[in-house]
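Structure first, commentary second.
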Amino acid sequence: MSRSPDRAVGRSLGRVALVVAPLAGIVGFLSLWELAVVAFDIKAFALPRPSRIVSDMASNPGFFARNGWATAREAGIGLAVGALAGAVIAVPMAHLRVVDRAVAPVATLVQVTPIIGYAPAIVLWLGPGLGPIVVITALVCFVPFLFGAASGLRSVDPDTLELLRSVDARWWEVLWRLRVPHAVPYLFAAARTAIGLSLIGAALGEWFALVDEGLGWAIKQGINFNAAPQVWGATFTMGALGLAGLGLVGLAERVSGLGRPEPGR
């Protein structure tokens, strides 16, 4: 009987550790950064102290909040489009080897080609504004979701698959009842990778899309006008957005109960 309270305490401590550990890691990293700048007397224009960056951000929070929201909106739309396209195309890839062999090289080519190589062309095709930013973001997010979904759709239990076929289950029933549940954890894993890619894609798209808002635009303006606090403030804001996105993915995974179990759970 005495084990139940101990287990409850252990679980509570484990949950606290899940929150405290990432915060401790971030604080430790920023502290080492601060100490290194002071110890090596690094000039502020080369590498400012984190405390100075945060102080500069606090002096103009509206600027970073406004541009952060613009980039988060663009990244979110592009992420959703890339996830949907990847999941849809993964279905025939998982079922037909010829489709897999045709699509995989093209997807790999998109993945390994630097974004800066095709971003200007997309802006020229679609014109300035939100459209090319969403397309660029969707392209960089598309590949992780495509390969993740395809792997998940294939990773079904052969015995269960044979059982469904033996009762003449239709292909869409097999897909919905068996393949999709197996693919969901892979999609969560792809989302973790795509969160950072979506922010990078959106910020880079802002460089070329002739917009006047967003963190990419803020970084570009800061570089042009030698405003280091603006550059670093926008960079910190992107990092905060990335952490928030990962937190939302983790929360969705826990609430749904469809993600992969963590080691030791």
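The values are calculated or read from the model by the stated rules, or taken from the named source; none is laboratory data. A quick note: this is a predicted structure, and the numbers were derived from the prediction, not measured. Quick reminder, even Gly has a Cβ in these numbers, built from the backbone with ideal geometry, and neighbours come from all protein chains shown.
Just one residue in the set 117, 152 is among the small types (Gly, Ala, Ser), part of a helix (DSSP H, G or I), surrounded by 12 or more Cβ atoms within 10 Å (Cβ to Cβ) and within 22 Å of the chain's Cα centre (by Cα); that residue is 152.
Selection of first residues in the range 51-77 that are surrounded by fewer than 18 Cβ atoms within 10 Å (Cβ to Cβ) and of second residues that are among the β-branched types (Val, Ile, Thr), restricted to Cβ pairs under 6 Å at least 6 apart or on distinct chains, gives the following pairs, ordered by first then second residue: 77/134. Residue 214 meets the conditions (1) at pLDDT 95 or above; (2) in contact with a Lys or Arg (Cβ under 6 Å, 6 or more places away or on another chain) in every case but one. The failed one is (2).
Does residue 54 satisfy being hydrophobic (A, V, I, L, M, F, W, C), assigned to a helix (DSSP H, G or I) and assigned by TED's automatic domain parsing to the domain that holds residue 207? Spell out how you get there, then give the answer.
Working: hydrophobic (A, V, I, L, M, F, W, C): yes; assigned to a helix (DSSP H, G or I): yes; assigned by TED's automatic domain parsing to the domain that holds residue 207: no.
No, not satisfied.
Answer yes or no as to whether residue 96 is surrounded by 11 or more Cβ atoms within 10 Å (Cβ to Cβ), modelled with pLDDT of 95 or more and in the same structural domain as residue 156 (by TED's automatic domain parsing). It is false that residue 96 is surrounded by 11 or more Cβ atoms within 10 Å (Cβ to Cβ), modelled with pLDDT of 95 or more and in the same structural domain as residue 156 (by TED's automatic domain parsing). Here residue 206 fits the description: assigned to a helix (DSSP H, G or I), closer than 19 Å to residue 69 by Cα and assigned by TED's automatic domain parsing to the domain that holds residue 112.
Among the listed residues 218, 191, which satisfies the condition of being assigned to a helix (DSSP H, G or I) and farther than 20 Å from residue 86 by Cα? Let's see the steps before the verdict.
Values: 191 fails: farther than 20 Å from residue 86 by Cα.
So the residue among 218, 191 that is assigned to a helix (DSSP H, G or I) and farther than 20 Å from residue 86 by Cα is 218.
Determine whether residue 18 is within 30 Å of residue 190 (Cβ to Cβ) and at pLDDT below 90. Yes: the conditions hold for residue 18. Of all residues in the range 183-213, those satisfying the criterion of being closer than 23 Å to residue 63 by Cβ, aliphatic (A, V, I, L, M) and buried (at least 23 other Cβ atoms within 10 Å of the Cβ) are 199, 202, 203, 209.
Within the set 207, 176, 172, the sole residue that is in contact with a helix residue (DSSP H, G or I) (Cβ under 8 Å, 6 or more places away or on another chain) and either at pLDDT below 85 or within 30 Å of residue 45 (Cβ to Cβ) (or both) turns out to be 207. Checked against the criteria, residue 160 does not count as hydroxyl-bearing (Ser, Thr, Tyr), under 18 Å from residue 77 (Cα atoms) and in a helix (DSSP H, G or I).
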